[in-house]
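**Student:** Here it is, the structure, as structure tokens.
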Amino acid sequence: MAEEDMIMARQGELKRLHVIQKVLEGIIKQVEAAEIVSLSGRQIRRIVKRIRSEGSPGIIHRSRGKPSNRRISGKIKERVINLYRTQYKDFGPTLASEKLQERNRIGISDETLRMWLIEAGDWKKIRRGRRHRQWRERKHHDGEMVQMDGSHHDWFEGRGPWCVLMGYIDDATGKVFGRFYDYEGTIPAMESFKGYIQNNGLPMSVYLDKHTTYKSTGKPTIQDELHNTQPLSEFERALKELGVEVIHANSPQPKAG
């Protein structure tokens, strides 16, 4: 790999390059490589094929420095819809997105394609039945997991404005911490979490709902899909940098049994 390519390659890409090189040398199998770098077998096969044809620089993600998938032009969107109607009408969005990549050289995520097809009336949104809510067992150690929630209420019983209590409960011990804010958002979440760790230390994980402050509503980009990652909210990104795992509940009120 040329020096400039080495400079641009990210740590994760260098790791993949090392693992793929082991595949090319016959030291490990593709299925083993997939487990090591947390990619699907299909993604590994594509990367192996790319490196065989392009050399080591092929590991560097092709969308590096290009506009986000969210900004795909209207002409491309129109072309994708037309291709789906004429060539992939009987395919679901996942398979159709793969064929668009393989046959037409159009890289688009299955979620983006699904959204476009629903908007165009070419695909119906599948409604899944609600799962029965199950109680989970409490954690056993202080700081192992903290439940976090923003509670909107007339806390001052008419003597002040409605506000939000950013509350924290240690899952194992039941210890509580809370602060009041005018609204539930990124700044209150960041500030209250800072106050919590100053008083109780850094927890291993935080268990919270899917409010847009805590879970990004953005669609995965092509780069996200190739790296097996999901878009992160500012709060998720901050906790990731601190090494704190974020666990999203399937209901607004995560409770332990």
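Throughout, read-outs are computed from the coordinates displayed, never taken from laboratory work. All figures in this text were calculated on a predicted structure; none of them were measured in a lab. Positions of Cβ are backbone-derived with ideal geometry, glycine not excepted, and every protein chain shown enters the neighbour counts.
**Student:** Given 10 °C and 1.306 mPa s, how large is the Stokes-Einstein diffusion coefficient of the stretch 69-120 in µm²/s, with Rh as the Kirkwood radius over Cα pairs?
**Tutor:** Result for D is 149 µm²/s.
**Student:** Now a separate question. Figure the gain on full extension for residue 234 and residue 191 (residue separation times 0.36 nm, minus the Cα-Cα span) and round it to one decimal in nm.
**Tutor:** 14.2 nm is the gain from fully extending residue 234 to residue 191.
**Student:** Calculate the spin-label point distance for residue 77 paired with residue 179, positioning each point 7 Å from the Cα along the beta-carbon direction, and give it in nanometres.
**Tutor:** So the two model labels end up 4.0 nm from each other.
**Student:** With θ set to phi - 60° and the Karplus curve 6.51 cos²θ - 1.76 cosθ + 1.60, what are the ³J(HN,Hα) couplings of the stretch 177-189 in order, to the nearest whole Hz, using x for Gly and Pro?
**Tutor:** Coupling constants for the stretch 177-189: 8, x, 9, 8, 9, 6, 8, 9, x, 4, 5, x, 5 Hz.
**Student:** First measure r as the distance between the Cβ atoms of residue 242 and residue 155, then evaluate 1/(1 + (r/R0)^6) with R0 = 35 Å and state the FRET efficiency to the nearest 0.05.
**Tutor:** 0.75
**Student:** Show which lysines lie in cross-link reach of residue 22 when reach means a straight Cα distance below 25 angstrom and same-chain residues fewer than eight apart are skipped.
**Tutor:** Result set, ordered by chain and number: 49.
**Student:** Please list 3J(HN,Hα) in residue order for the stretch 45-51, calculated via the Karplus relation 6.51 cos²θ - 1.76 cosθ + 1.60 where θ = phi - 60°; whole Hz, with x for glycine and proline.
**Tutor:** 4, 5, 5, 4, 4, 5, 5
**Student:** Further, regarding this structure: Mind listing the long-range amide H neighbours of residue 175? Cut-off is under 5 Å, sequence gap 5 or more, other chains count too, H placed in the peptide plane at 1.01 Å from N.
**Tutor:** Answer set, sorted by chain and number: 170.
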